[in-house]
Amino acid sequence: MTPTETDSPVPTSSSTSAENPDALPESVRHISILDKDIYLVGTAHVSQKSVSEVEETIRALKPDAVAVELCPPRYQAMTQRDQWQKMDIVKVIKEKKSLFLLAQLILSAFYRRLGKQLGVQPGAEMMAGIAEAEAVGAELVLADRPIEITLKRVWGYLGLWQKMKMVFHLLSGVIFSEEIDKEMVDDMLEEDQLETLLAEFTAGFPGVKRRLIDERDIFLAQKLRQAPGKTIVAVVGAGHLDGIIREIETETPLEPILELPPKSPITDILKWGIPGLIVAMIVFGFFKGGGQYTMESIYIWLLVNGVLSGIGAAIACGHPLTIISAFLAAPITSLNPFIAAGFVSGLVQATLKKPTVADFEKLPLDIATVKGFWHNPVSRILLVVALSNLGSAIGTFISGSWIAARLF
């Protein structure tokens, strides 16, 4: 069934209980499909105007269901402010979720900084949708794909060089210094402006937009098709509007876009091949230059790898013993595919500087500034893990190249 859309929504179904539908904001998009009237409220995530439009639309329509662009974990994070107090940072490190959590914090820091400049709490329009759904007795639908699956699909399909570029872009978000004013956010609400911004960001990352935006358009559209009731209000980012309208026309299975990316055989080859190559070059060096030559290669491996990993831990403001642990662990863990230098240094940092409940409580505020991000014990542990690993990876490349150059 083909949906019909109107830019100036006027409900045509008697099931709609709107008291004053003509007063809906002009930005609301109306779709009729499957005997449902679906009203899409395109929002910016740090705009007071978006908050007002969400409240006006839900109060006017009194829908059967309100769908918000949130997944269960993000909904929990927004509605249960004490969740940080319950986080086990050691468990996060052991389960190798440090980088995933760090990426979430960096994105949160970016949005929190924008919200501080504009005087609007990030995600306020979603909270408004949740509150208004409860006020009018509408069923709440969490319509977005789980964020962990989205990030893993984005990350998993990137090449090594693209991953490095992505990390740089994310870190740039933490130290983002450009002032964002309300007029700029209002401009972002215009779909063509937002699409332009997305196109600029994703230009250097083939496939990122498809997994970050397009796949979620599909997921959101299918959740709206399945939403209960006759009248549904959907609170979604403005950049999803056209995609949802396009994808809602047909029923699409969600299983393919919920699958985690398969492990690349190249990753396993590199994981085992690089350590094997390093060991082979050191052994071969013994037959070429003797014991002294071999010891020099070993010293190069130990010092370059250890020093750079230690520098990474130091940049993260790790404890002196954490820096030492990174230095000692890196040359060994670089030859072991099952463990990383950051795993060791992160556990040491978490043991020596165990975060308190107060540290977790302050985390949402601290990550809004570079100083706070580096000095909060929770985020500092994550930085220790990430930068120790980065230093070790650079050290492996440099020392391996050095050994190879001497040998050949």
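The values are calculated or read from the model by the stated rules, or taken from the named source; none is laboratory data. Keep in mind the model is a prediction, meaning the values are calculated, not measured. Glycine also receives a Cβ, built like all others from the backbone with ideal geometry; neighbour counts cover every protein chain displayed.
Data for the structure
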{"item": "So I274, is it β-branched (V, I, T), outside the structural domain of L24 (by TED's automatic domain parsing) and exposed (fewer than 12 other Cβ atoms within 10 Å of the Cβ)", "result": "no"}
{"item": "Residue ID - modelled with the highest pLDDT, chosen from residues in the stretch 138-170 that are surrounded by fewer than 16 Cβ atoms within 10 Å (Cβ to Cβ) and of a type in the set (F, W, Y)", "result": "W161"}
{"item": "Sole residue being modelled with pLDDT of 85 or more and crowded, with 20+ Cβ neighbours inside 10 Å, chosen from I232, I245", "result": "I232"}
{"item": "Condition met for F284 (among the aromatic types (F, W, Y), surrounded by 14 or more Cβ atoms within 10 Å (Cβ to Cβ) and modelled with pLDDT of 90 or more)", "result": "no"}
{"item": "Filtered residues of the stretch 227-258 (kept if assigned to a helix (DSSP H, G or I) and touching a residue at least 24 places away in the same chain (Cβ under 8 Å))", "result": "A238, G239, H240, L241, D242, G243, I244, I245, R246, E247, I257"}
{"item": "Of residues in the stretch 370-392 being without any contact (Cβ under 8 Å) to a residue 24 or more places away in the chain and not charged (D, E, K, R), the one surrounded by the most Cβ atoms within 10 Å (Cβ to Cβ)", "result": "N376"}
{"item": "Residue satisfying condition, being closer than 30 Å to R406 by Cβ, assigned by TED's automatic domain parsing to the domain that holds V279 and not hydroxyl-bearing (S, T, Y), within set I300, I381, I367", "result": "I300"}
{"item": "Looking only at the stretch 27-81, and only at residues there that are without any contact (Cβ under 8 Å) to a residue 60 or more places away in the chain and assigned to a loop (DSSP other than H, G, I, E, B), the one that is surrounded by the fewest Cβ atoms within 10 Å (Cβ to Cβ)", "result": "Q80"}
{"item": "From the options S379, S309, residue that is of a type in the set (S, T, N, Q) and at pLDDT 95 or above", "result": "S309"}
{"item": "Which listed residue, of T351, T333, T369, is of a type outside the set (D, E, K, R) and within 19 Å of L302 (Cα to Cα)", "result": "T333"}
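Residue by residue, here is whether (1) modelled with pLDDT under 90; (2) surrounded by 24 or more Cβ atoms within 10 Å (Cβ to Cβ) holds:
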site	(1), (2)
E296	no, no
N305	no, yes
L321	no, no
T356	yes, no
I403	no, no
